[in-house]
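The values are calculated or read from the model by the stated rules, or taken from the named source; none is laboratory data. Being a predicted model, the structure only gives us computed values, none of them experimental. Heads up, the Cβs are rebuilt from the backbone with ideal geometry, glycines too, and the neighbour counts pull from every protein chain shown. Ligands, DNA and RNA are stripped out before the accessible areas are found, and what is left, the full protein with its side chains, is counted by its heavy atoms. Shrake-Rupley method; radii C 1.70, N 1.55, O 1.52, S 1.80 Å.
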Amino acid sequence: MFSYVVKRILIFIPTLLIISIVIFMLSVFAPGDPVEKMLGATPEGEPIPPEAYNETRKELGLDLPVFYFSLTAKAYPDTIYRVPIKAQRENMNRLISLYGNWPQIDKYQKIAKVLQGSVQAIEKDSLNPRALIRMKENVGNLFLRYEDKDIQKAFRNFEEHAQSTPSTAAVMPLFNQVRQAYADVQEQATPGKLKIPTIHWFGLKNQYHRWLMGNRPLFLKKEKMASLDYTLVQSKQHTFSVPKDGYYSFNIKVPASTVKRSSENAEILYIRTSDKSESKEKVAYRNIVDGKHKTVVPLKAGETIMVDHSIGMIKDDANTKVNIHYYPKYDPSWSSGFLRFDFGKSYEDKRPIREKIGDYIFWTMLISTISIILTYLISVPLGVFSARRKGSRADGVVTTILFILYSLPSFWVATLLIIFFCQPDYLNWFPPYGLGEVTSETPFFQKIGIRAYHLILPLFCWTYGGLAFLSRQMRGGMLSVLRQDYVRTARAKGLEEKKVIWKHAFRNSLLPIITLFANIFPLMISGAIVIEIIFTIPGMGRLLFEAIKYPDDPMVFTIVMMAALLTMIGYLIADILYAVVDPRITFN
């Protein structure tokens, strides 16, 4: 048994790696520029500042090669990933696929970049506004077009507008260099290099390794700068002056007896910095009720931090301790990696994906777990009951009901339930949406009652389809086992029908049900999108829908990866249960 489990785990690991590579590559080839999605739209369509673009690109790890190695043609360089803008990088790859001479293409693009900077440096006057607009548009096309007809068209349009005014004509010599560089690309083409395969090795510093394993050290070197003991008073702010530039962390400890839990996740204590260059204060760090949340924030020498707390959240005269640490070597672009539960940041609100998932996953896992338990507790006995009475009226009634339930779409059933069970014009037995209003003062059992009351209808919609399907599978498995010779032998020996069913036939009939468990298990993460939206449940299905709609690629692919991981775990558990249920099953 032990060797069987070990062998299954050894197969599980490489399979998971293959799945992770597939999902990562899907994220790499997703449409759009990740940096632009992260930064969002600029006011009035202005271009993103290069400094902000490059900083965000480094933060996302996009300044690294994609994988450990690349298998490509000799014409492609091993440094093209350094081209920052995705659209320009893709355009250069297309030029290489046409001409195969990277040195000439690189020279052409670099001179075009100089030309673009010269055009942007031309000052506007009364004659050149229209010409400047057209020149900027056409020089920008040189980085986005690869077909010869489009490039020649951009050249003609640029030359026409550049020669229209004296101020713009000054860039013509540089423009001629660009045109000549493009002519060299065509004349010195080496398409033969496109037929010679080559391998470029990049090592561990690549996007996939950073995404999966991370590049953050396991232990960060830190220096303890101060340990401050405060007695909090509502009208007093406690300050600390930052001695030098760098990254600081603040670990706040508040006695649990001093916390007034008037609302869930209430901000009770926070540290903020006062930026003298701005009139408003910016919150640099927050500490939530549990007192465990920590972060690392950049601060400059001379900045003053203030320890403050929300009115009514903490009792007066609470003894508070703040440990302040300084990190001499810290890189904000570090990632802990997927395997260390660092899923990156959301494009939508820049929050860590782990935090957003933490806000949604509880209700999905709760409802899914209850649904799975109910499904198996009901479907297994129901399938056995139906199989024992095959062909009877009871079997016909059960079969008809189960087929009807299985054929009804969940969104339609959910809509009918809301209309007939939640509206004042009809029964009005249940609330139509949400989880109910509770506060931290609500008694525990009353809180459970409110939640359960709101979850009855969603739980029914979550359960009935799987219940109907599993019952039919259990019936079919039991009927198959009841035809076996050893069951006939048990009956011929005079054993009671109850022992024949539950002792001899039941365990072997569970194999199809165990197989289906691997398909049900991922629902604990992915949730039910339609049901969560209809009943306004803040679960993973709703989060996935919002991420797809935005689109928030890191969130989507994180949920897909987690669902794939749970699918693999489900199959691993199913394989182990096979051996438990039927000892005759071996790895071979």
Computed accessible area, H238, all protein chains, 1.4 angstrom probe, square angstrom: 20 Å²
Express in nm, to one decimal, how much length is gained between K205 and V397 on full extension, taking 0.36 nm for each residue of separation and deducting their alpha carbon distance. 62.8 nm
Once you place label points 7 Å from the Cα toward the Cβ at L127 and V438, how far apart are they in nm? 7.7 nm
Specify the angular offset, from 0 to 90 degrees and rounded to the nearest 10, of the alpha carbon long axis of helix 86-99 from the longest principal axis of the alpha carbons in the chain. 70 degrees
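For the chain, what does the accessible surface come to per residue with a 1.4 Å probe? Please give it in Å². Present the calculation step by step, with values, prior to reporting the outcome.
Working: 32220 Å² over 588 residues.
Value returned for the chain: 55 Å² of accessible area per residue.
Let me know the shape class of segment 349-426, please: from the alpha-carbon gyration tensor, a ≥ b ≥ c as square roots of the eigenvalues, rounded when a/c is under 1.5, otherwise prolate if a/b is greater than b/c, or oblate. Don't skip to the answer; put the middle values down first.
On the way: a/c = 3.54, a/b = 1.70, b/c = 2.08.
Oblate is the answer for segment 349-426, as a/c is 1.5 or above yet b/c matches or exceeds a/b.
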Please state, rounded to one decimal and in Å, the Kirkwood hydrodynamic radius that the chain gives when every pair of distinct Cα atoms enters the mean of 1/r. 30.2 Å
List the pairs from K37/K74; K222/K321; K74/K153; K222/K253 whose alpha-carbon separation is above 21 Å, in the order I gave them. K37/K74; K74/K153
Roughly how big is the chain's charge dipole about its Cα centre, with Cβ charges of +1 (Lys, Arg) and -1 (Asp, Glu), in debye to the nearest 20? 2300 debye
Packing-based order for 341-347, 76-82, using average beta carbon neighbours within 10 Å, highest first: 341-347, 76-82
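Work out how much length Y550 to R354 would gain on full extension: take 0.36 nm times their residue separation and subtract the Cα-Cα distance, in nm to one decimal.
Working: separation 196, 0.36 × 196 = 70.56 nm, distance 1.79 nm.
In short, 68.8 nm is gained.
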Cut-off 13 Å between beta-carbons: net charge of the residues surrounding V83, Lys and Arg +1, Asp and Glu -1: +2
Could you state the angle between the C-alpha long axis of helix 511-520 and the longest principal axis of the C-alpha atoms of the chain, as a value from 0 to 90 degrees rounded to the nearest 10? 30 degrees
Of 348-355, 61-68, ordering from highest average Cβ density within 10 Å down gives 61-68, 348-355
Could you work out how far the C-alpha centroid of segment 384-425 sits from that of segment 16-38, in angstrom? 41 Å
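I want the local charge near F341. Using Cβ-Cβ distances under 14 Å, sum +1 for each Lys or Arg and -1 for each Asp or Glu among the other residues. Can you show the working numbers first?
On the way: positive: R216, R340, K345, R354, K356; negative: D342, E355.
Every neighbour counted, the sum reads +3.
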Extreme residue, positive dipole direction of segment 458-513, given options G466, S509, A492 (C-beta unit charges): A492
Between L377 and Y453, what length in nm is gained on full extension when 0.36 nm per residue of separation is reduced by their alpha carbon distance? 25.2 nm
Under a crude label model (7 Å from the Cα following the beta-carbon direction), how far is L144 from N93 in nanometres? 1.9 nm
Between V66 and E496, what is the FRET efficiency for a Förster distance of 51 Å, r being their Cβ-Cβ separation, to the nearest 0.05? 0.20
For every other residue with a beta carbon closer than 12 angstrom to the beta carbon of P129, add +1 if it is Lys or Arg and -1 if Asp or Glu, then tell me the sum. +2
